[in-house]
Amino acid sequence: MTLALDRSTGTVATVSAGPAVPAVPAVAGATLRVPLVTGGDIGYANLDHAASAPCLDAVRSAVDEFLPWYASVHRGAGFASQVSTRLYERTRDVLRRFVDARNGDSVIFTRNTTDAFNLLAKALPRKTSVVVFDSEHHAALLPWRGPNVRRVQLPRTRLAAVSVVDEALAECPQGPRLVVVAGASNVTGELLPVAEIAAVARKHGARVALDAAQLAPHRRISLRELDVDYVALSGHKLYAPFGAGALIGRSDWLRAAEPYLAGGGATKLVTEEAVVWNSGEERHEAGSPNTVGVYALGVACEQLAAHWNAVGSHEAALLERLRKGLASLPGCAELRFFDAPVDRVGTVSFVVDGFEPGWLAAVLSAEYGIGVRDGAFCAHVAARRLIREAGSEGQQAVRVSLGLGSTEEHVDRLLLALRQIVARGARWEYTKADGRWAPVGDPRELPGFCA
């Protein structure tokens, strides 16, 4: 594909069409246009899917269809309540199929992955030893507290990563043990050796909790094949940004634990003297549930499951295009954990010598209509270590994350913009306020509904 940049407006014209990409589920906002500080507007290039993915068109349509029927769940006698209850409970089965869960595995609806792991942390038996890589997102790193938590550094090879877990488990005291591992890094996109880690965990009688927040939108997951015990995921990463997530896995620890929240829905009987809690999944779902968000999550999972081949082909082609372009950018260093190439999802973080990441992100947004992420990506320990190893003195990087809403034009516009910025700088003046870069005298107006 050949592109031409109009310096006055920042718009990019496609001169010749690139190869066709497989059809993937459409996302809301695909035709969104955003204003530029230099004047005019441009189609928004959303390259920040790892933070929150846009809503699938199919999810939006399903939610619109459901909203007139929305009502209370579980104990409502009305017909709309029966419809809502049916969709809410049906979604448990959808998620079981989505992750290939075992018979008897629980599906507990949460707000997101962070909520799911905090729930699991409170359900651990007393004196459970936890082994977790320091490379984890804060959602999977911070819920585990106490003297029996062992944080281990992710080494430079997958084989060494498995060995580190083996050694850490061998040093744990007798009793329950849990290994927490991400399926894919939210900093580098690299896949971790989950199945191999699970095999080592079994040797020590340990369980495994999989952080699938970054893996689930990109790859099929099988709890059975990976042999992991728990998986946590978020709807807002899975093209269903309506505030629902899930913890899926073995029921025994969850049934034995005190309810995550105390309130209606978690109770079977309340008297003046005592409370009898539910023993099933509702035990940890107190309060009126996010029925709309749960239904949206289920629809998104069904859509992805029906298009895995297209999703994989689409993202692989864009990722190759992106990484080749970044490799040719002067002063650019990509962050990575492993020395050897490994399988990965469409997330790439990098630093550019001489350019502050926050400033770069502001220029890409204001002058080119490109949305990326800058910072340490809620994985401060890992990100800052990798930034140092990349030869940068800073503590932040730029992250580009691809998804179903990404196109070849988006990737090529980003690469062209970076080359232009490195070669001649920005066309607008920027200032830093409250830790964030922004255009001086930004003329762009927010949409009216933001008022």
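Taken together, the values in this text are just the output of simple stated rules run on the coordinates, not laboratory data. These figures come from a predicted structure and were not determined experimentally. All Cβ positions, even for glycine, are placed from backbone atoms using ideal geometry, and neighbour counts span all protein chains on display.
Can you tell me the orientation of helix 408-424 relative to the chain, as the angle in degrees between its alpha-carbon axis and the longest Cα principal axis, to the nearest 10?
Relative to the chain, helix 408-424 is tipped by roughly 50 degrees.
Please state the charge dipole magnitude for region 70-305, taken about the Cα centre, from unit charges on C-beta atoms (+1 on K and R, -1 on D and E), reported in debye and rounded to the nearest 20. Mind dumping the intermediate values first?
Details: 28 positive and 24 negative charges, 29 e Å.
Using Cβ point charges on Lys, Arg, Asp and Glu, region 70-305 gives about 140 debye.
Determine the calculated [θ] at 222 nm for the chain from helices alone, applying -39500 (n - 2.57) to every DSSP H run no shorter than 4 residues and normalising by the residue count; nearest 500 deg cm²/dmol.
Numbers: 13 runs with 151 residues, N = 451.
Calculated from helices alone, the mean residue ellipticity at 222 nm is -10500 deg cm²/dmol.
Compute the separation of the alpha-carbon centres of region 324-373 and region 85-130 and state it in Å as a whole number.
34
Among 114-120, 388-394, 180-186, how do they line up by average Cβ neighbours within 10 Å per residue, starting with the highest? List each step's numbers first, then the result.
Values: 114-120: 24.4, 388-394: 13.6, 180-186: 27.0.
Result, highest mean first: 180-186, 114-120, 388-394.
Relative contact order of the chain, please, whole-number percent, based on alpha carbon pairs below 8 angstrom and at least 6 residues apart.
Working: 901 pairs, mean separation 96.0, N = 451.
Here the relative contact order equals 21 percent.
Within 10 Å of each residue's Cβ, count the other Cβ atoms and sort Val37, Val187 from fewest upward.
Values: Val37 22, Val187 28.
Ordered from fewest to most neighbouring Cβ atoms within 10 Å, Val37, Val187 come out as Val37, Val187.
Quick one: order Trp277, Trp144, Trp308 by neighbouring beta-carbon count within 10 Å, fewest to most.
Details: Trp277 18, Trp144 24, Trp308 12.
Sorted ascending by nearby Cβ count, the order is Trp308, Trp277, Trp144.
How would you rank 211-217, 314-320, highest first, on the average number of other Cβ atoms within 10 Å across their residues?
On the way: 211-217: 27.4, 314-320: 19.0.
Top of the packing list down: 211-217, 314-320.
Rg to Rh ratio, region 70-305, alpha-carbon atoms and Kirkwood radius? Can you show the working numbers first?
Details: Rg = 18.0 Å, Rh = 18.3 Å.
That ratio is 0.98, to two decimals.
Kindly provide the Kirkwood hydrodynamic radius of region 342-419 in Å, to one decimal, from all pairs of distinct alpha carbon atoms. Provide the component values of the computation, followed by the final result.
Working: mean 1/r = 0.0759 Å⁻¹.
Over region 342-419, the inverse of the mean reciprocal pair distance is 13.2 Å.
Determine the distance separating the Cα centre of region 186-207 from the Cα centre of region 387-415; give it in Å without decimals.
Centre-to-centre distance over Cα atoms comes out at 26 Å.
Below 30 Å Cα-Cα, how many Lys pairs turn up in the chain? Only count pairs eight or more apart in sequence, or on different chains, if you could.
On the way: Lys122/Lys203; Lys122/Lys237; Lys122/Lys268; Lys127/Lys203; Lys127/Lys268; Lys237/Lys324; Lys237/Lys432.
Taking the chain as the scope, the lysine pair count is 7.
Angle check, please: helix 79-98 long axis (alpha carbons) against the longest principal axis of the chain (alpha carbons), in degrees 0 to 90, nearest 10.
80
What number, in percent, do you get for the relative contact order of region 70-305 if the mean sequence gap of Cα pairs under 8 Å and at least 6 apart is divided by its residue count? Please list the in-between numbers first.
Numbers: 457 pairs, mean separation 58.9, N = 236.
Relative contact order comes out at 25 percent.
Between helix 357-368 and the chain, what is the angle of the helix's C-alpha long axis to the longest principal axis, kept within 0 to 90° and rounded to the nearest 10?
70
Order the peptides 82-93, 166-177, 189-200 from the highest to the lowest mean number of other Cβ atoms within 10 Å of their residues.
Numbers: 82-93: 17.3, 166-177: 14.9, 189-200: 21.2.
Order by mean packing, descending: 189-200, 82-93, 166-177.
Restricting to region 70-305, what percent of DSSP beta bridges are antiparallel, rounded to 5?
Numbers: 14 of 30 bridges.
For region 70-305, the DSSP antiparallel bridge percentage is about 45.
Under the rule of at least 5 residues apart or a separate chain, name every residue whose amide H is placed under 5 Å from the amide H of Val131.
Amide H neighbours of Val131, under 5 Å, 5+ apart: Arg150, Leu178, Val179, Val180.
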